[in-house]
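Okay, handing you the structure first.
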Amino acid sequence: CSAGTGSFLEEAARESLYIATEEIGGIALKSNRPLNFSDQCAAFISSDIKSAIQEGAAVEDLAAGLVYSICMNYINRVKGSRAVGRKVFMQGGVCYNKAVPAAMAALTGKDIVVPPDPGLMGAFGVALEVKNKLSLGLLKPMSFDLKELAEREVSYGKPFTCAGGREKCDRKCAISRIQIKGKTYPFGGACNKYVNLIQDKKQHDVDELDLVVLRERLVFEKYGRDRGTYLLPPNNKTVAINYSLLTNTLYPLYYNFFTALGFDVLPDGEIDAAGMERRGAEFCYPAEIAHGAIMGLVKKSPDIYFLPHVKSMLVENGIKASVTCPMVQAEPYYLKAAFDELKGKTVISPVLHFAKGYEQAQDSFINTGKTLGISPKHAKKAFALAVQAQKSFHDECLQIGRAFLADLEKHPEETAVVLFGRPYNAFTKKANMGIPRKFASRGYRVVPFDFLPYSAGAPVGHMYWALGQMILKASGFVKRHPQLYPAYITNFSCGPDSFLVGYFRDAMGRKPSLTLESWSVTSGTPWAGSRH
């Protein structure tokens, strides 16, 4: 979180208090009544500073409050529930500000040890690591001219767009060209491709390592496009299913139902940037994607729009309540409000309950069939085929997961990344920004949490969000497995995740985890921050 960094302290002090970086510590140490900005988001703290200035707060109290805020943010959001020893070593350039380690000592009640040159500790560590690799024969001794290094010029060539290579990646990353001493080094991109090229490292088979992209293929290809069975002859009518939110899990159910009844389901539509701008309020990033996706489908002029209201999901061995997020439930309503193009069109929005299993929604799908002029008999048969396809998808995910675990456990020296998050954040390339492939390009296996056999875990009490129950049950499985480490993809403005991520990290205890939070700075341009 940016509010837990020295750069935020520097910027806030300079921009709001007109205090130079070198002066923050001395001014803050003069305070007898530091203001309490808690560990809030940087934007909220900046607002509180302005309010405190208007109320006449002393500059030293404001500076001390800022210092305490970054320490509290670090303690609460980074350290979390992890234990702290009796004596703490604190390093980094932020420690040149003597008020920071003093505040950390006051907050933790521990002895804080600061080295003479805290900002050089990273370089010192690199030197020790180089020395260690030389002694092990992993590096060859070399000589460098410090004057030549200091005077070396770096220039930038014309950047290019990555073509995706054999992985057929479609992210189209911008790659910079850095030129040093007549040699050009490509740099950048969401994966490790160009780092591996520069260092002459083996290019990993990301398709083999990345089971997240395999999940997406199973959803939209194997149990979608490649499976459709006709009960009724084609009727030349097209159905648009929005590629958004829980469609990233339920597409086999939807696709096979309509295909069996003779309808032609339109292929994936583009995420239209102008459509994302049509949102009537500030939504989370997946809801913005929903707006862009429906705009892409509108351009294809389908005969029928299928925008279901998914109210609940089945959680095996879960508690009775297992509802979906309000933004998921409300999707058909805010999209209808935002797009006048849907007025006068055939838009079907059944309320779907899956808390007791997919069969629970049979009547809703039969009524959908009636709306389209399909007899209950044929709709019932089509629904049975669709449910079988959906269950087959889940079964294959678990089979792949068990095989993955069995193979991993044959290599106890290896570790793997389990990707957590809502399917529409973590398991689709539209929202996850290539993060799974980034892991894979570094040689790590990455697997979606719903590939793991976690369902036998104990029910999660007081967690009525269905996906929250699934995530916490799976987190227990990962915590107990010595070779699995979790990464959680969430998004800014996600209400359920705002507390679920805390529960997830508590469930992990002292096991390391990574939380990546994304949001849209401008429409269609995601940005990600991280918390460890």
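Based on the Cα atoms of the stretch 308-445, what semi-axes does the equivalent ellipsoid have, where each is the square root of 5 times one gyration tensor eigenvalue, given in whole Å with the largest first?
Result for the stretch 308-445: semi-axes of 35, 21, 14 Å.
What is the spread of the Cα atoms of the stretch 266-338 along each of their three principal axes, largest first, in whole Å?
Ordered largest first, the stretch 266-338 gives principal extents of 42, 28, 18 Å.
Ignoring solvent entirely, what values of log10 I(q)/I(0) come out of the Debye formula for the stretch 167-291 at 0.17, 0.18, 0.22 Å⁻¹ when each Cα is a single scatterer?
So the normalised log intensities are -1.01, -1.06, -1.23.
Right, something else. Keeping all protein chains in place, calculate the accessible area per residue for the stretch 370-410 (probe 1.4 angstrom), answer in Å².
Averaged over the residues of the stretch 370-410, the accessible area is 52 Å².
Can you compute the label reach from residue 58? Point 7 Å from Cα along the Cβ direction, backbone N cut-off under 13 Å, restricted to the stretch 13-39.
Answer for this model: 27-35.
Further, regarding this structure: Would you check the accessible area of residue 47, probe 1.4 Å, heavy atoms only, in square angstrom rounded to 10?
That residue has around 60 Å² of solvent-accessible surface.
Sticking with this one: Relative contact order, percent, of the stretch 372-480 when contacts are C-alpha pairs under 8 Å separated by at least 6 residues?
Relative contact order here is 25 percent.
If you don't mind, there's one more thing I want to ask. Could you calculate the FRET efficiency of residue 237 with residue 282 from 1/(1 + (r/R0)^6), where r is the beta carbon distance between them and R0 is 45 Å, rounded to 0.05?
For residue 237 and residue 282, the calculated efficiency is 0.80.
If one takes the longest principal axis of the Cα atoms in the chain, at what angle in degrees, from 0 to 90 and to the nearest 10, does the Cα axis of helix 42-54 lie?
So the inclination is approximately 60 degrees.
Under 8 Å for C-alpha pairs, at least 6 residues apart: give me the relative contact order for the chain, rounded to a whole percent.
The normalised contact order for the chain reaches 12 percent.
Only loop residues by DSSP count here, and only those with at most 11 other Cβ atoms within 10 Å; note down the GluC sites (Glu not before Pro) in the stretch 327-419 that meet that.
Answer by residue number: 413.
Then there's this: Pairs of alpha-carbon atoms within less than 8 angstrom and 6+ residues apart define the contacts here; what relative contact order does the stretch 63-172 have, in percent?
Reported relative contact order: 19 percent.
Can you send over the carbon and sulfur percentage of the accessible area for the chain, probe radius 1.4 Å, protein chains only?
After summing per-atom areas, the C and S share lands at 54 percent.
Another question, if that's okay. Place a label point 7 angstrom from the Cα of residue 127 along the Cα-to-Cβ direction, then list the residues of the stretch 91-110 whose backbone nitrogen is under 16 Å away.
92
Restricting attention to the stretch 1-106, which trypsin sites (Lys or Arg not before Pro) occupy a DSSP loop and are surrounded by at most 16 other Cβ atoms within 10 Å?
The qualifying sites are 30, 82, 86, 98.
In the stretch 41-148, which GluC sites (Glu not before Pro) are in a loop and have at most 12 other Cβ atoms within 10 Å, using DSSP for the loop call?
55
Continuing with the same structure: So, for the stretch 197-340, what is the accessible surface per residue at a probe of 1.4 Å, expressed in square angstrom?
With the other protein chains kept in place, the stretch 197-340 gives 41 Å² per residue.
While we're on this one: Gain in length, residue 392 to residue 36, computed as 0.36 nm per residue apart minus the alpha-carbon separation, to one decimal in nm?
122.7 nm
With every protein chain left in place, what is the accessible area per residue of the stretch 438-502 in square angstrom, probe 1.4 Å?
36 Å²
I would also like to ask the following. Please compute the modelled spin-label separation between residue 225 and residue 78, points set 7 Å along Cα→Cβ, answer in nm with one decimal.
The two pseudo-label positions are separated by 4.5 nm.
When all protein chains stay in place, what accessible area (Å², nearest 10, 1.4 Å probe) is found for residue 96?
For residue 96, solvent-accessible area is about 120 Å².
The values are calculated or read from the model by the stated rules, or taken from the named source; none is laboratory data. Since this is a predicted model, take the numbers as computed values, not measurements. Cβ sites come from the backbone with ideal geometry, for glycine too, and all protein chains shown count toward neighbours. Calculation scope for accessible area: heavy atoms of the full protein, side chains included, ligands and nucleic acids excluded. Shrake-Rupley method; radii C 1.70, N 1.55, O 1.52, S 1.80 Å.
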